[in-house]
1. Does at least one position in segment 430-440 carry a residue that is in contact with a strand residue (DSSP E or B) (Cβ under 8 Å, 6 or more places away or on another chain), at negative phi and surrounded by 20 or more Cβ atoms within 10 Å (Cβ to Cβ)?
2. Mind checking which helices (runs of 4 or more DSSP H) fall wholly inside segment 434-525 and carry at least 2 residues that are at pLDDT 85 or above and of a type in the set (S, T, Y)?
3. Which residues, counting only those in segment 526-551, are modelled with pLDDT under 90 and of a type in the set (A, V, I, L, M, F, W, C)?
4. Out of all the residues in segment 333-359, which are part of a loop (DSSP other than H, G, I, E, B), open to solvent by 10 Å² or more (accessible area, probe 1.4 Å) and not charged (D, E, K, R)?
5. Is there a residue in segment 128-138 that is at pLDDT 90 or above, touching a Pro at 6+ places or on another chain (Cβ under 9 Å) and closer than 23 Å to L151 by Cβ?
6. Sort through G155, G167 and tell me the only one that's closer than 21 Å to S554 by Cβ, in a helix (DSSP H, G or I) and in contact with a helix residue (DSSP H, G or I) (Cβ under 8 Å, 6 or more places away or on another chain).
7. State whether the residues of segment 550-559 include one that is among the hydroxyl-bearing types (S, T, Y) and assigned to a helix (DSSP H, G or I).
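The values are calculated or read from the model by the stated rules, or taken from the named source; none is laboratory data. Remember, it's a predicted structure, so these values are computed and weren't measured experimentally. Virtual Cβ from ideal backbone geometry, glycine too; neighbours counted across all protein chains shown. Please note that ligands, DNA and RNA were not included when accessible areas were found on the heavy atoms of the full protein model with its side chains. Shrake-Rupley method; radii C 1.70, N 1.55, O 1.52, S 1.80 Å.
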Amino acid sequence: MEAAEGTVNGSVDYKGNPVHRSTSGGWRSASFIIAVEVAERFAYYGISSNLITYLTGPLGQSTAGAAANVNTWSGTATLLPLLGAFVADSFLGRYRTIIAASLIYILGLGLLTLAAKLTSVNLHDCRSTKDARLCAPPRFQVILFFFSVYLVAVGQGGHKPCVQAFGGDQFDGQDPKESKAKSSFFNWWYFAISAGITVTLIVLVYIQDNLSWALGFGIPCIVLVAALLVFLLGSRTYRYSAKENGKNPFMRIGRVIVRAIRNRRNTLSAMPSEEDACLWDRCSEQFKFLDKALLAPDGSLEDQNVCSVNDVEDTKALLKLVPIWITSLAYAIAFAQTSTFFTKQGATLDRKIASGFKVPAASLQTFIGLAIMIFIPVYDRIVVPISRALTRKPSGITMLQRIGTGMVFSAISMVTAALVEMKRLETAKDHGLVDLPKVTVPMSIWWLVPQYILCGIADVLTIVGLQEFCYDQVPKELRSLGIALYLSIFGIGSFLSTFLISTINKATSGDGQESWFANNLNRAHLDYFYWLLAGLSALGFSSYSYFARSYIYSRERAI
């Protein structure tokens with residue numbers, strides 16, 4: 001369907017009418033959407049960045065148990081977007097799903113604040129007993145806490161895939177000017193949410209560690225309520241995706257797969273129409289078995305219920321993502337460590353930066369945000385123009401090249417983390433602190449900064465690259481699913497990290513030996529774990545490079 005002059009093809013306004021380019025979308029509308037996402041990331045990282053401290057503190061869990069719980073929750077939170085994307089793309093649409101998910105999110109944060117308040121009252125009452133067993137929180141409070149954080153995960157599952165896809169929808173990829181703006185949108189999107197995360201790590205973590213956990217969880221609840229109101233203010237300016245046909249996109253994809261399986265023994269007995277001939281030639285190069293979805297059961301093209309070439313192409317576009325998705329998991333496993341063992345590592349070091357002020361260990365993640373906020377403008381304004389001049393491609397380097405470069409930085413960060421941990425263990429041994437885990441190791445916390453900065457640079461390249469890649473390479477109707485697929489990489493990565501930790505913990509704690517993840521980190525061996533992750537990262541990058549070189553982009557604008 002051709003768009004009338006001045007209107008945007010495939011988009012409508014809030015009333016369902018054709019939308020005008022000059023009065024809708026673009027950076028103005030994207031600003032409202034970015035605002036709500038910054039608030040959501042502020043809330044999410046207000047929980048995730050310091051969750052291991054809460055679990056090992058007020059809830060009294062072991063280091064290995066807390067790390068496993070953090071990874072399980074994080075993994076669930078990043079897999080639920082698959083469900084949220086299904087609801088959005090099949091039923092509610094992105095706009096309505098964002099509103100519904102935000103309300104669930106706010107309810108979860110409210111209950112989490114209540115759980116933290118009840119736990120703090122319980123701890124205050126038990127301190128006078130001097131009996132550690134009596135200080136364990138009641139089972140009801142533990143259940144309420146975990147119910148609350150998983151309710152937050154459900155809200156995040158509907159919110160996260162839709163907001164970014166909805167933001168991308170505000171730019172018309174067919175318009176040369178807006179196409180360039182859309183590419184920059186993903187960079188500046190990540191810049192904005194990194195700023196929100198940085199504020200979280202500086203302000204909220206300090207409040208949680210030094211003032212009140214209830215206040216530290218309550219502030220994000222208030223911020224998210226305000227952000228939802230801001231999001232609603234932009235409703236009249238947004239571009240909403242118009243369904244090109246009444247078919248459910250998931251049903252179309254499923255129908256192609258079922259048809260291809262049913263017709264697996266049939267052969268083509270007729271040529272497709274002249275209009276589709278070039279498409280037939282193009283799609284026959286990859287996943288040929290799906291081409292049989294174009295046939296009727298008798299091998300002809302006469303059945304009116306046969307799948308269209310576009311349906312087959314859309315299905316192939318999704319299947320082509322699978323090798324990239326799988327080979328990105330090693331990066332996700334390494335990514336999971338920044339909010340768990342990196343934090344516990346920092347808690348043992350000298351964190352004083354001024355008289356009487358001690359940096360919260362979780363606040364070290366601020367350096368990831370700072371690295372992102374510094375490197376994104378450098379990348380967008382310096383690296384891209386230079387590489388654009390060299391390669392003569394609009395985005396400078398391809399999305400897959402960008403992702404792979406980030407994987408290299410991630411592997412280097414794991415090597416750096418291993419070397420720093422070896423230095424920390426050596427310092428603890430030299431000062432006779434091996435059996436004194438509560439005594440600060442006389443080694444500055446600044447030793448950890450390089451590994452955080454390297455992680456930040458890796459995030460700018462790989463995470464932003466994956467966001468744009470998964471959004472761009474899926475069918476238009478399934479872009480929420482595309483973002484959810486990107487998020488699921490980190491969900492599965494968190495679960496794999498949990499599996500690795502549990503397996504290694506059992507394997508290394510037998511025969512009276514200290515586990516790699518012993519509660520006394522001076523006897524643990526996080527350095528061995530970091531070396532293992534560096535090896536996995538190198539293996540993952542090698543596999544990724546193999547598939548990335550043979551990948552054929554689904555759209556001409558995607559390079």
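1. Checking segment 430-440: not a single residue is in contact with a strand residue (DSSP E or B) (Cβ under 8 Å, 6 or more places away or on another chain), at negative phi and surrounded by 20 or more Cβ atoms within 10 Å (Cβ to Cβ).
2. Values: elements: 449-458, 464-472, 479-508.
Here the list reads 479-508.
3. The one that is modelled with pLDDT under 90 and of a type in the set (A, V, I, L, M, F, W, C): L526.
4. Going through segment 333-359, the residues part of a loop (DSSP other than H, G, I, E, B) turn out to be 340, 348, 351, 355-356, 359.
Going one step further and asking which of them are open to solvent by 10 Å² or more (accessible area, probe 1.4 Å), we end up with 348, 351, 355-356, 359.
Those that are part of a loop (DSSP other than H, G, I, E, B), open to solvent by 10 Å² or more (accessible area, probe 1.4 Å) and not charged (D, E, K, R): T348, S355, G356, V359.
5. In the first step, residues of segment 128-138 are kept if they are at pLDDT 90 or above; the result is none.
The answer is no, given that none of the residues of segment 128-138 is at pLDDT 90 or above, touching a Pro at 6+ places or on another chain (Cβ under 9 Å) and closer than 23 Å to L151 by Cβ.
6. Numbers: G155 fails: closer than 21 Å to S554 by Cβ.
Every option except G167 fails the conditions.
7. Our first condition is that a residue be among the hydroxyl-bearing types (S, T, Y); within segment 550-559, this holds for 550-551, 553-554.
Remaining after also requiring assigned to a helix (DSSP H, G or I): 550.
Yes, some residue in segment 550-559 is among the hydroxyl-bearing types (S, T, Y) and assigned to a helix (DSSP H, G or I).
Residue by residue, here is whether (1) open to solvent by 10 Å² or more (accessible area, probe 1.4 Å); (2) hydroxyl-bearing (S, T, Y); (3) out of contact with any helix residue (DSSP H, G or I) (no Cβ under 8 Å at 6 or more places or on another chain) holds:
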{"position": "L466", "(1), (2), (3)": "no, no, no"}
{"position": "F469", "(1), (2), (3)": "no, no, no"}
{"position": "Q473", "(1), (2), (3)": "no, no, no"}
{"position": "I483", "(1), (2), (3)": "no, no, no"}
{"position": "S488", "(1), (2), (3)": "no, yes, no"}
{"position": "I492", "(1), (2), (3)": "yes, no, no"}
{"position": "T498", "(1), (2), (3)": "yes, yes, no"}
{"position": "I504", "(1), (2), (3)": "yes, no, no"}
